[in-house]
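Notes follow once the structure below has been shown.
No value in this document is a laboratory result; all are computed from the given coordinates. Please read all numbers here as calculations on a predicted model, not as lab measurements. Note that each Cβ is placed from the backbone with ideal geometry, even for glycine, and that neighbours are counted across all protein chains shown.
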Amino acid sequence: MNYIDLRSDTVTKPSNEMRKAIYEAEVGDDVFQEDPSVNSLQKYAAELLGKEAALFVSSGVMGNQICLNVLTNPRDEVICEKDCHIFNYESGSPAALSGIQLLPLDGKNGVLTPEQIEPYIRPESAYYMPTTKVIEVENTHNRAGGTIHPIENIKALNALARKHNLYMHLDGARIWNASVATDIPVNEYAAYFDTVSCCLSKGLGAPVGSIIAGDKHFIDEAFKVRKAWGGGMRQVGLLAAAGLYALKNNIARLAEDHEKAKMLAEAIDRIPGLEIDLERVQTNIIIFKPLNTPVETALQKCKEKGLLISMGNVGFLRAVTHLDVSFEEAKKAVNILEEIFG
């Protein structure tokens, strides 16, 4: 069966043009920093994000965890929103890899305000407490449904961080989606953060990899940590070429994914057996709830009809639009949902 795969935007496969870029990639030994394709990707990404330097890493988890490791010391604490990726989906890595703990706070649509955060910043004199070191922001916010963190609140969080001598880290796995949806350049979002991690392997369609960026000293330290964690991948220009192609060709087209998501969400809102909060559908992620069907049963029924979706938060379903699902296929997905839940 040919499935319509809306489980995630990570299921995308390289286009013929991207495969050509991979095939033609010039490579060298990246551990010696001699891979020209990697160097080109890092230089281009740093310029795009408005940072001094960037580093190609194997995954979004590795990107986030290297950033947190370099910014902190063991026994430090990172303040984050309770549904964020680093708290829920990174296998306890902050504690295991860096000896730090996360302090998750309850936000709205993935957003924490300075007023919520400030009371939880530990006093420097409290030697018996962990040391608050980083405020982490996820934009767009995966578990909240691809919601966009307002730039004005980011500015306010930055001011709070500077007031208390804290670092700011951006989990920008889908920052490209936020930028396209708001017309705010990625470098403006990134300007308020000391470190940034961005995925190339989601909506941008590259097969592997993420970029982390910051000042040159940070990247020098990150390079060491990447090596220590087994991330020195030698002739990795074959993958970097795909990432560079993605950055140069696949950002603007994310607007199509947002249109497909909006169309799907509005259709779901009309189906009696499903419930959705349309306010949360701001980019390419749709979180919705089956009203009379257990989630596991709903997933199986969709699969039997040729539609693959995934489990969201407890009791919810998740669909993610991407470049490998056309508008026509998105409409077929609506028909399948109507047939099952209508």
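Brief remarks on what is shown
- Residue match in the range 180-193 (condition: assigned to a loop (DSSP other than H, G, I, E, B) and β-branched (V, I, T)): yes
- Qualifying residue in the range 45-68 (condition: at negative phi, without any contact (Cβ under 8 Å) to a residue 12 or more places away in the chain and either of a type in the set (V, I, T) or in a helix (DSSP H, G or I) (or both)): yes
- Residue match in the range 210-226 (condition: closer than 26 Å to I184 by Cβ, surrounded by fewer than 20 Cβ atoms within 10 Å (Cβ to Cβ) and either of a type outside the set (D, E) or within 19 Å of the chain's Cα centre (by Cα) (or both)): yes
- Of all residues making up the range 170-202, the number that are farther than 19 Å from V137 by Cβ and buried (at least 18 other Cβ atoms within 10 Å of the Cβ): 2
- Residue that is surrounded by the most Cβ atoms within 10 Å (Cβ to Cβ), among those in the range 152-169 that are free of Cβ contacts under 8 Å to residues at least 40 places away in the same chain and not in a strand (DSSP E or B): A161
- Residue list for the range 311-325, filter: assigned to a loop (DSSP other than H, G, I, E, B) and touching a residue at least 24 places away in the same chain (Cβ under 8 Å): G312, N313, G315, F316, T321, H322, L323, D324, V325
- Taking the numbered list (1) surrounded by fewer than 18 Cβ atoms within 10 Å (Cβ to Cβ); (2) aliphatic (A, V, I, L, M); (3) touching a residue at least 24 places away in the same chain (Cβ under 8 Å) in turn, V111 passes all entries but (1).
- Verdict on T293 being part of a loop (DSSP other than H, G, I, E, B) and either under 17 Å from the mean Cα position of the chain (by Cα) or surrounded by 22 or more Cβ atoms within 10 Å (Cβ to Cβ) (or both): no
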